[in-house]
Structures are given as structure tokens and as C-alpha cells.
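**Q** Handing you a structure now.
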Amino acid sequence: MSSSHQPRSLTRVAVDAQTLADLYAAPTALRVVNVWDAVSARVVSQLPGTRAIATAGHGIAASHGYADGEQIPLDTMIAAIARIASATDLPVSADLDGGFGDAGETVRRAIGAGASGANIEDQMRPLDESVAVMRAAMAAGEREGVSFVLNARTDALVKGGDRPREIAIADAIERGRAYLDVGATCVFVPGVLDADDTRALVDGIGERKISVIGLPGALTAAEYEALGVARVSYGPMPQNVALTALKRLGESLLADGVIPADTEALNNF
């Protein structure tokens, strides 16, 4: 675990990017417990099964008092990513929302903060515009000398309106293939995916080319892995679980409870 809190060099970020790409391609799905600040990154990094760190854009925004959806200033988001990267020795994949209006410049700054990969949303822009966003992100990595690991997110399911499910799945496949064609490593398709949905996406986009989110009601990570999924993340849910625990503790303490005896000192740097 890093204790120097020094920025990562471009050489280090490039090495991290190769490590991260190898994790996506491995037969075992990459499981990432999303973090939102330095201390959550430190705690998750110390877990034996953690192989990479992924930030949660919603979680970072909430921790700074902003709503999700690029309401947080980019400078604040980049600074948070830098603090997270300084708290771990593992590769960092950052949630960059929709690119903050200039995906190339945002990726350049994220690389400077220590990120070797990112999620970028298509936000259901027209396909040609979405492809241009993903292409700009990859080009920024090339200019920095980093084979940036783009987990290109399509909102075809979560922002697809009332379209029939099979139409939304077909749209996700078309968009996902287009993003892979411009260099994305993986395609993130958020939503609660059952086995049939997952199988269709893997068949349409590729084995170990799909990233999913483990929401309540979703399959287990092991089930997704068996279907050919590359990555399972959890978005803002780990922060929600942590805040729920804080709420329950607060209720107990205000009712004359005590701090549980098995509480660990996890916030010591």
C-alpha cells in the first residue's frame, strides 16, 4: 500500500493500463467494489480479492454534495480521482460520466490524476456522436502514451424508454460493437440483466467484452462470469450500504446505544 501519496508517472499509468487490460481479458471476471474517496479506496485495496480500483462517479459527487450527472465540477472530480489513486497501488479505473463535454481533455486529465482506464457514458446520444466521444477518449490516451482501458457505457437499456426489451438489447449490441471498433476494451451495459439478456449481449458483442452492474435483483458475480462477462461493478451501491450502516449506527447511538465492540480502526492512514 502506497503511503507516499505521490502522483503516478505516465510510465506507471501505462503499466497499470496493461495490467487492467489483462484483468478484463482474463477468464475470471474482474470484480470491483466501487469507491468514492481515499479512505474507501484504502479499505477496499486491502481486501485480498481486490485486483483493481474503480471509482463511482455518483458516489464522488454525493460525497461533495452534488447530484449525479456531471453536476460536480470537473476540477473537483479530477482531484478526487487523484486522491483515490494516491491511496492505492492498484490500477484505477475512473467513472468520468459522459466526458464532461470534452472526453479527450477529461481523459487526459484523468490520466494525469493516475487513472489508467475509465467508464464513459454514451447518454443515448446519436450513434455517430457517441462513437466520436469514445474515439476522442482513446485518442487522448494515445497522445499520452497510455493504452487507455475504456469501459464504454451504453445507456441503451436504462435510458431506452419504453422500447421492447429485444430492441433495446439490439441497440446496445450495435453501440457496443461500434465502441469496440474505435478501441474500447469493454462495453458497460448497466441495468438488471437476467441470464437471457446477458447471454444475448455476450453473443452479440463478445466473450469477455461485457461489463455489468450488480444491483439488487441481478445475478451473482459468479453467474455473470459463467456467462462470459468481463467485469462486475457495483456503482453507488457500496456507498449506499456504508451510509445505511452509518444511519443505523446513528439511530442506535441516539437511542443510548454504544459503539459495537468489533468496530475496526479502518480510517487510519
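**Q** What list do you get for ILE213, ILE78, ILE111 if you sort them by fewest beta carbons within 10 Å?
**A** ILE78, ILE213, ILE111
**Q** Next question, about the same structure. Toward the positive end of the charge dipole of the chain, about the Cα centre and with charges on Cβ (Lys, Arg +1; Asp, Glu -1), which of ALA14, ALA152, VAL35 goes farthest?
**A** Of the candidates, ALA14 comes out farthest on the positive side.
**Q** Over the alpha-carbon set of the range 130-256, work out the extent along each principal axis and list the three values in angstrom, largest first.
**A** 59, 39, 29
**Q** Show me, bin by bin at 5 Å from 0, the whole-percent P(r) of the range 77-161 based on Cα pairs.
**A** Cα pair-distance distribution for the range 77-161, in percent: 3, 16, 27, 23, 15, 9, 4, 1, 0.
**Q** Please go through the range 196-251 and write out the trypsin sites (Lys or Arg not before Pro) that DSSP classes as loop and that have at most 11 other C-beta atoms within 10 Å. Before the final figure, lay out each step's value.
**A** On the way: sites: ARG199, ARG208, LYS209, ARG231, LYS247, ARG248; in loops: ARG208, LYS209.
Answer by residue number: there is no such site.
**Q** Over the alpha-carbon set of the range 123-172, work out the extent along each principal axis and list the three values in angstrom, largest first.
**A** 42, 17, 14
**Q** Same structure again: To the nearest 500 deg cm²/dmol, what mean residue ellipticity at 222 nm is calculated for the chain from DSSP H runs of n ≥ 4 alone, each contributing -39,500 (n - 2.57), summed and divided by the residues?
**A** -14500 deg cm²/dmol
**Q** Only Cα pairs under 8 Å and at least 6 apart count here; give the relative contact order of the chain as a rounded whole percent. Provide the component values of the computation, followed by the final result.
**A** Working: 514 pairs, mean separation 55.1, N = 269.
20 percent.
**Q** Moving on. Tell me which GluC sites (Glu not before Pro) from the range 179-269 have a DSSP coil assignment and no more than 11 other beta carbons within 10 Å of their own.
**A** Numbers: sites: GLU207, GLU223, GLU225, GLU251, GLU264; in loops: GLU207, GLU264.
Counting only loop positions with at most 11 other Cβ atoms within 10 Å, the GluC sites (Glu not before Pro) in the range 179-269 are GLU264.
**Q** What is the magnitude of the charge dipole of the range 1-98 about its Cα centre, with +1 placed on the Cβ of each Lys and Arg, -1 on the Cβ of each Asp and Glu, and no other charges, expressed in debye to the nearest 20?
**A** 360 debye
**Q** A further question on this structure: Would you give the gap between the C-alpha center of the range 224-255 and the C-alpha center of the range 80-150, rounded to a whole Å?
**A** Value for the Cα centre distance between the two parts: 25 Å.
**Q** If you place +1 on the Cβ of every Lys and Arg, -1 on the Cβ of every Asp and Glu, and leave all else neutral, what size is the dipole of the chain about its Cα centre, to the nearest 20 Debye?
**A** 540 debye
**Q** Can I ask one more? Using the Karplus curve 6.51 cos²θ - 1.76 cosθ + 1.60 with θ = phi - 60°, what ³J(HN,Hα) values do you get for each residue of the range 117-122, in whole Hz, with x for Gly and Pro?
**A** x, 6, 8, 9, 8, 8
**Q** At a Förster distance of 35 Å, what's the computed FRET efficiency of ALA67 paired with ASP203, Cβ-Cβ distance as r, to 0.05? List each step's numbers first, then the result.
**A** Working: r = 36 Å, r/R0 = 1.04.
Here the calculated transfer efficiency is 0.45.
**Q** Continuing with the same structure: Could you run the Debye sum over the Cα atoms of the range 10-248, one equal point scatterer each and no solvent, and tell me log10 of I(q)/I(0) at q = 0.13 Å⁻¹, two decimals?
**A** Here the Debye-derived log intensity ratios amount to -0.71.
**Q** Moving to a separate point now. Which three extents, in angstrom, do the Cα atoms of the range 1-106 have along their principal axes, listed largest first?
**A** Here the spans come out as 35, 27, 27 Å, largest first.
Every number here is computed from the coordinates shown, using simple stated rules; none is lab data. Predicted model only: the values in this text are computed from it and were never measured. In this analysis, Cβ positions are derived from the backbone assuming ideal geometry, glycine residues included, and neighbour counts consider all displayed protein chains.
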